[in-house]
Structure formats: C-alpha cells, structure tokens
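Here's the structure, in structure tokens; my notes come after.
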Amino acid sequence: YYTPDELFSYINGGAELFISYDLEKVISRTYTMEGQPKIVAEIFDMKEPKNAFGVFSRDREKLDYTYGQGSETYIGAILFWKDSYYVSVVTDEETEVSGKAVRDLAGGIDALIPGIGELPAILDRIPEENLVPESVFYFHHYVWMNALYYIAGENLLNIDSDTDAVLARYIENKSPYYLLMLEYDTEEKAREAKISFIENYAPELYDRSAVKLEDGRWTGCKQWGNTLVC
C-alpha cells in the first residue's frame, strides 16, 4: 500500500498526476509464474469517480468499454476506471499465458468493484457536434491543461481544486480547434479568471468576442455565471 506521501518513491515521474486528482491510496500487487514475465496490478483509490475518470482521460487514444466504465488495451497492459478507482494491469512482456492472465486479472478486478460512478456534470455541457470523443480531458489542476494545450507557465485562469475543467478537441473541415470550459464555485471567481486571462493572454478581448493572435490562431473568452469558456 502507498499513501500520497509515499507515491513518489513508488512511481518515478508519474506521481504528480495522481496526487493532483486527490489520490487517497494505492495498492500494488505483483504476480509471478515460473517461465513467464511478471504482472503488476495497481488499484488507485481516487476518492471520487470524477477524479478516477480524470486520471483515465489524461492520455486516451480511443474509446473502449471492455472493462469498467472505460478502458484502454495495449500490448501487455490494460488500463480502466470504474467508480472511484483507476486500475492498471501490466506485464513486462505479453506472451500467450501472460496476456490471458492480464485480461483475467482486469476482468476480476472489474467484477469486484460493485459501484458505477457518475461522470463529471460539466461533460454534459460541451457540444457534441465535431467533437473528437477521445480527446475529452477532465481536470482541476492548471498544469495538466498546459501539458495538452499550452497557454502560460503560470495559472492565468486561477484553476484550483474546487474548479471543474474540461478541455476538448474539435475538427471542422479538417481544421482542429479546442474548447476549454471551466466551472468555478462562485461567479466572482469566474469573473476574476476571465479578467486575468484577458489581461495576460489577449488584451484585445476587452472589447471583442474573438481575436487573432500573432501566431495566427484565434481565441475568445466568455463568461456565464460561474462558467467560463475559452
């Protein structure tokens, strides 16, 4: 078992992702069989379903529901989320035996998690037309937004643990664009974030709904109550 304070000694370079989603604890078990590569199964308790989904949504390449409430299958690895848990089952090398064991372990863990978690409510508010479904990324720490679509090194949008944020990619006529939607716990926080974004990123937005930046990209920003859309 590992707590958040112990996670850095267990995961080299990846602990920040889980801690930023309020990790409660993780259990890791290693399975061995003579003549076969080892298998490591990890179950991350993320406290809330939205956090488990957020971790899973970080690097999705395609949508699959073979395991849990969403899964990704690679050679030698199965990743999925269900309820408040994010699960990883990985083998050093996929053989016929170890590949079957990975699938059996993933299915067994899936069956032992009885609950079904609710997706973050903010996902219901993003438009579906032209959306790339596997691109939808939920988070509440600004560093992950910059990892996928860089805005600035600092936290211009005042994103904190009480902010629900979703970044999604769209394609229209072969041209991609991004939608960033943020829900703050108060309308005042949304207003302050909008002012910060405009002042530090695109001052021209003070009197326009959208502007063209020096690099040729367009950007816009609009607030409705406690919701901010860029």
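When the residues of the stretch 128-183 are filtered to those that are in a loop (DSSP other than H, G, I, E, B) and hydroxyl-bearing (Ser, Thr, Tyr), which remaining residue is surrounded by the most Cβ atoms within 10 Å (Cβ to Cβ)?
Step one: filter the stretch 128-183 for residues in a loop (DSSP other than H, G, I, E, B), giving 128-130, 132, 136, 140-141, 149-163, 173-174.
Still in the list and also hydroxyl-bearing (Ser, Thr, Tyr): 149-150, 161, 163.
Values: TYR149: 12, TYR150: 8, SER161: 10, THR163: 22.
Here the residue is THR163.
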*Restricting attention to the stretch 4-13, does a residue exist that is open to solvent by 30 Å² or more (accessible area, probe 1.4 Å), more than 14 Å from the chain's Cα centre (by Cα) and under 18 Å from GLY115 (Cβ atoms)?*
no
*Output the qualifying pairs, or none if there are none: Cβ atoms under 6 angstrom, residues six or more apart or on different chains, first residue in the stretch 60-71 and farther than 17 Å from ILE113 by Cβ, second residue open to solvent by 40 Å² or more (accessible area, probe 1.4 Å) and assigned to a loop (DSSP other than H, G, I, E, B).*
none
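Within the stretch 137-149, can one find any residue that is touching a Pro at 6+ places or on another chain (Cβ under 8 Å) and more than 19 Å from SER20 (Cα to Cα)?
Looking for residues that are touching a Pro at 6+ places or on another chain (Cβ under 8 Å) and more than 19 Å from SER20 (Cα to Cα), one finds none in the stretch 137-149, hence no.
State whether one or more residues within the stretch 200-211 are charged (D, E, K, R) and either under 30 Å from ASP64 (Cβ atoms) or open to solvent by less than 50 Å² (accessible area, probe 1.4 Å) (or both). First the steps, then the outcome.
Filtering the stretch 200-211 down to residues charged (D, E, K, R) leaves 204, 207-208.
If we keep only those that are either under 30 Å from ASP64 (Cβ atoms) or open to solvent by less than 50 Å² (accessible area, probe 1.4 Å) (or both) as well, we get none.
The answer is no, given that none of the residues of the stretch 200-211 is charged (D, E, K, R) and either under 30 Å from ASP64 (Cβ atoms) or open to solvent by less than 50 Å² (accessible area, probe 1.4 Å) (or both).
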*Filtered residues of the stretch 62-104 (kept if at pLDDT 95 or above, surrounded by fewer than 17 Cβ atoms within 10 Å (Cβ to Cβ) and among the basic types (Lys, Arg))*: LYS100, ARG103
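The values are calculated or read from the model by the stated rules, or taken from the named source; none is laboratory data. Every value quoted in this text rests on a predicted model; they were computed, and no experiment measured them. No Cβ is skipped: glycine too gets one built from the backbone with ideal geometry, and neighbour counts run over all protein chains shown. With ligands, DNA and RNA removed, areas are computed over all heavy atoms of the protein, side chains included. Shrake-Rupley method; radii C 1.70, N 1.55, O 1.52, S 1.80 Å.
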